[in-house]
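Asks: Here's a structure for you.
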Amino acid sequence: MNRLHWHPRATLSDFDGTLLDAAQAAGVAPNRSSDPSNPLTAIPAFLNALGAGLSPIIGTPVNAPDQPDSFFTLTGGTTGAPKVIRRSTSSWLHSIKTLSATLNIGPNARVATLGNLTYSLSLYSAIEALYCGADFHFIRGAEADKRGITHLYATPTQLRVIRQPAPRVTHVITGGGPFDEATAAHVGRIFPNAKVWRFYGAAETSFITLADDATPQKSVGPAFPGGEIAIRDPSGNPLSANTAGEVWLRSPMLFSEYAIGRSASTKWQDTWLSVGEVGHLDPAGNLYLTGRMDRILTIADKSVSLDQLESALITAGAGSAAIVALPDPLRGYVLHGFIEGTAPKPNLLKSLTQLPTLPRLTSGKPDYAALRELIP
């Protein structure tokens with residue numbers, strides 16, 4: 001049976017430290033839609049709903065039929081309301097069983113995240129820990145050492161703002177944004193005893209790659225165990241190593257369907273899925289990303305990756321960065337940048353605006369629609 005459940009030894013602690021154990025969780029009524037602001041109710045209601053044959057979601061209610069051993073999560077989104085996807089419990093169980101063995105997540109682990117519960121990675125990390133019998137904590141950045149956290153799930157943006165050293169953390173699992181050399185150095189100082197695991201993935205795909213300190217720095221790593229990666233040209237033909245093209249994935253971790261919304265970038269070809277990324281594989285099978293296809297623009301007859309521009313600003317010193325493109329009849333597009341911190345303005349940008357904090361979606365990604373309104 002592909003059933004996610006709460007391990008008898010697992011506990012869940014909220015931001016304020018309030019703790020819930022397995023016996024208390026069993027008494028929470030199943031709920032098809034729960035409030036993400038109350039994890040101590042939402043997570044057990046979610047798991048108990050799965051046990052009752054419902055298809056639950058934490059957050060926005062979904063008017064879609066129940067299917068046994070399936071549930072809904074939100075995509076991260078970038079420019080508007082996030083989409084809702086359905087996935088099977090078996091798709092997450094594959095990830096959980098692989099990572100728990102690789103990262104030693106079990107009854108002796110204390111796992112934490114800093115994310116909002118509507119973000120699929122935050123929900124995944126909680127479900128993984130509770131399934132494996134670990135203690136799971138929702139924390140603020142300065143609390144990792146205070147709570148004795150051993151495994152921390154966080155985006156690179158979240159990691160960059162943590163200033164309190166946490167020597168008891170043994171594993172940092174990060175993805176959802178650029179992990180440049182400056183970020184790596186910062187993480188090394190704050191978590192001196194931690195092995196860093198970098199992943200690349202999406203809500204629709206779950207984990208696509210998994211990288212560690214043996215992986216080339218600019219690569220997002222080889223295919224996650226059980227998955228396959230192929231690089232194809234626009235006609236769907238496979239490309240050789242070191243040749244850039246569209247990234248395709250075949251994996252037991254793929255989503256089932258969109259329940260609310262659609263993405264023009266998401267395409268199926270038989271059992272293979274693409275979410276619109278461009279990259280290449282090296283001869284060893286490590287994946288290098290160029291950026292999303294819908295964020296590679298032609299400007300003055302040259303291809304420009306907005307994702308790579310953002311990464312370059314972070315490498316140059318910005319804490320976070322976002323690039324907004326506006327149509328231009330002469331050049332094709334005019335680019336405006338926004339950063340936290342400081343960095344030199346690249347020649348490709350018409351403007352570069354410093355903000356105390358970038359506006360963000362609940363997923364933690366920049367809110368490009370809000371930034372467009374701030375263009376000078």
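Asks: Over all directions, average the projected area of the Cα convex hull of the chain and note it in nm². Mind dumping the intermediate values first?
Replies: Numbers: hull surface 74.0 nm².
The number I arrive at for the chain is 18.5 nm².
Asks: For the chain, modelled as a GNM with alpha-carbon contacts under 10 angstrom, which of Asn108, Asn63, Asn286 fluctuates the most?
Replies: For the chain, modelled as a Gaussian network with Cα springs under 10 Å, the answer is Asn63.
Asks: Among rounded, prolate and oblate, which fits region 62-176 when a ≥ b ≥ c are the square roots of the eigenvalues of its C-alpha gyration tensor, a/c under 1.5 means rounded, and a/b larger than b/c means prolate? Let's see the in-between values first.
Replies: Details: a/c = 2.47, a/b = 1.41, b/c = 1.76.
Oblate is the answer for region 62-176, as a/c is 1.5 or above yet b/c matches or exceeds a/b.
Asks: So for the chain: antiparallel DSSP bridges make up what percent, rounded to the nearest 5? Don't skip to the answer; put the middle values down first.
Replies: Details: 50 of 76 bridges.
Roughly 65 percent of the DSSP beta bridges within the chain come out antiparallel.
Asks: Continuing with the same structure: Among the lysines, select those whose C-alpha is under 18 Å from the C-alpha of Lys365, and discard any that sit fewer than 8 residues away in the same chain.
Replies: The qualifying lysines are Lys83.
Asks: Going Cα to Cα from Lys218, which aspartates and glutamates come in below 17 Å? Please leave out same-chain ones fewer than 8 positions away.
Replies: The reachable aspartates and glutamates, counting only those whose Cα sits under 17 Å from Lys218, are Asp180, Glu181, Glu277, Asp282, Asp307, Glu310.
Asks: Something else about it: For region 122-244, what number results from the quotient of the Cα radius of gyration and 2.2 N^0.38 Å? Don't skip to the answer; put the middle values down first.
Replies: Numbers: Rg = 16.2 Å, N = 123, 2.2 N^0.38 = 13.7 Å.
After normalising by residue count via 2.2 N^0.38 Å, the value is 1.19.
Asks: Still on this structure, please answer the following. Please state the relative contact order of the chain as a whole percent: Cα pairs under 8 Å, 6+ residues apart? Write down the numbers at each step before the final one.
Replies: Numbers: 863 pairs, mean separation 46.4, N = 376.
Relative contact order comes out at 12 percent.
Asks: Also: Work out the length of the dipole vector of region 147-243 about its Cα centre, built from +1 on the beta-carbon of each Lys and Arg and -1 on the beta-carbon of each Asp and Glu, and round it to the nearest 20 debye.
Replies: On the way: 9 positive and 7 negative charges, 107 e Å.
Result for region 147-243 is approximately 520 debye, rounded to the nearest 20.
Asks: When all protein chains stay in place, what accessible area (Å², nearest 10, 1.4 Å probe) is found for Arg189?
Replies: Spelled out: Arg189, probe radius 1.4 Å, area about 150 Å².
Asks: If the cut-off is a Cα-Cα distance under 18 Å, which aspartates and glutamates reach Lys146, setting aside same-chain residues fewer than 8 apart in sequence?
Replies: Result set, ordered by chain and number: Asp14, Asp16, Asp135.
Asks: In addition: How much area per residue is accessible in the chain when the probe is 1.4 Å and only protein heavy atoms are counted (Å²)? Please list the in-between numbers first.
Replies: Working: 16000 Å² over 376 residues.
Per residue, the chain has an accessible area of 43 Å².
Asks: If a/c stays under 1.5 just call it rounded; otherwise compare a/b with b/c (prolate if a/b is bigger, oblate if not). Do that for region 1-114, with a ≥ b ≥ c from the square roots of the Cα gyration tensor eigenvalues.
Replies: Details: a/c = 1.34, a/b = 1.28, b/c = 1.04.
Rounded, since a/c falls under 1.5.
Asks: I'd like the orientation of helix 89-103 relative to the chain: the angle between its Cα long axis and the longest Cα principal axis, in ° from 0 to 90, rounded to 10.
Replies: Result, in degrees: 90.
Asks: Place a point 7 Å from Cα of Arg189 in the direction of its Cβ. Which residues in region 137-153 have their backbone N less than 17 Å from it?
Replies: Within reach of a label on Arg189: 142.
Asks: Lys/Arg Cβ at +1, Asp/Glu Cβ at -1, dipole of region 122-193 taken about the Cα centre: which of Ile139, Phe191, Gln164 is farthest positive-ward?
Replies: Gln164
Asks: Taking 7 Å along the Cα-to-C-beta vector as the label spot, tell me the Leu19-Asp233 distance in nanometres, rounded to one decimal.
Replies: Label at Leu19, label at Asp233, 6.1 nm between them.
Asks: To the nearest 10 Å², what's Glu373's accessible area with a 1.4 Å probe?
Replies: Approximately 150 Å² for this residue.
Asks: When only C-alpha pairs under 8 Å and at least 6 residues apart count, what is the relative contact order of region 41-195, in percent? Write out the running numbers ahead of the final one.
Replies: Details: 253 pairs, mean separation 22.7, N = 155.
Once normalised by length, the contact order is 15 percent.
Asks: Using only C-alpha atoms and all pairs of different ones, pull out the Kirkwood radius for region 180-254 in Å with one decimal. Numbers along the way, then the final one.
Replies: Values: mean 1/r = 0.0714 Å⁻¹.
Roughly 14.0 Å, rounded to one decimal.
Asks: Turning to a different aspect of this structure: With +1 on each Lys and Arg Cβ and -1 on each Asp and Glu Cβ, and nothing else charged, work out how big the dipole of region 257-332 is about its Cα centre, in Debye to the nearest 20. Display every interim value, and only then the final one.
Replies: Working: 6 positive and 9 negative charges, 32 e Å.
It works out to roughly 160 debye.
Asks: Using the alpha-carbon centroid of each, what span in Å lies between region 287-354 and region 258-278?
Replies: Distance between centres, Cα-based: 25 Å.
Asks: Under 15 Å from a label point 7 Å along Cα→Cβ of Ala300: give me every residue in region 335-366 with its amide N that close.
Replies: It comes to 335-336, 346-351, nothing else.
Asks: Something else about it: For an R0 of 41 angstrom, estimate the FRET efficiency from the Cβ-Cβ distance between Ala142 and Gln217 and round to the nearest 0.05. Please list the in-between numbers first.
Replies: On the way: r = 28 Å, r/R0 = 0.68.
In this case the efficiency is close to 0.90.
Asks: Using +1 at the C-beta of Lys and Arg and -1 at the C-beta of Asp and Glu, which of Asn286, Ala203, Ala214 has the Cα lying farthest in the positive direction of the dipole of region 203-287?
Replies: Ala203
Asks: Okay, moving on. Any idea what the dipole of the chain comes to, in debye rounded to 20, about its Cα centre with Lys/Arg Cβ at +1 and Asp/Glu Cβ at -1?
Replies: On the way: 31 positive and 30 negative charges, 64 e Å.
Dipole of the chain, to the nearest 20 debye: 300 debye.
Asks: Of the candidates Arg168, Arg262, Arg250, which one comes out as most mobile in a Gaussian network treatment of the chain with C-alpha springs shorter than 10 Å?
Replies: Judging by the Gaussian network model, the answer is Arg262.
Asks: Also: May I ask you to derive the relative contact order of region 266-376, considering only C-alpha pairs under 8 Å and at least 6 residues apart, and to give it as an integer percent? Mind showing how you got there, number by number?
Replies: Values: 180 pairs, mean separation 16.4, N = 111.
Result for region 266-376 is 15 percent.
Asks: Tell me the carbon and sulfur percent of the accessible area for the chain, rounded to whole percent, probe radius 1.4 Å.
Replies: Numbers: 8420 of 16000 Å².
C and S atoms contribute 53 percent here.
The values are calculated or read from the model by the stated rules, or taken from the named source; none is laboratory data. Small disclaimer: the values here were computed from a predicted structure and weren't measured. Every residue, glycine among them, receives a Cβ derived from its backbone with ideal geometry; neighbour counts consider all protein chains shown. What goes into the accessible areas is simple: the full protein's heavy atoms, side chains included, and nothing from ligands, DNA or RNA. Shrake-Rupley method; radii C 1.70, N 1.55, O 1.52, S 1.80 Å.
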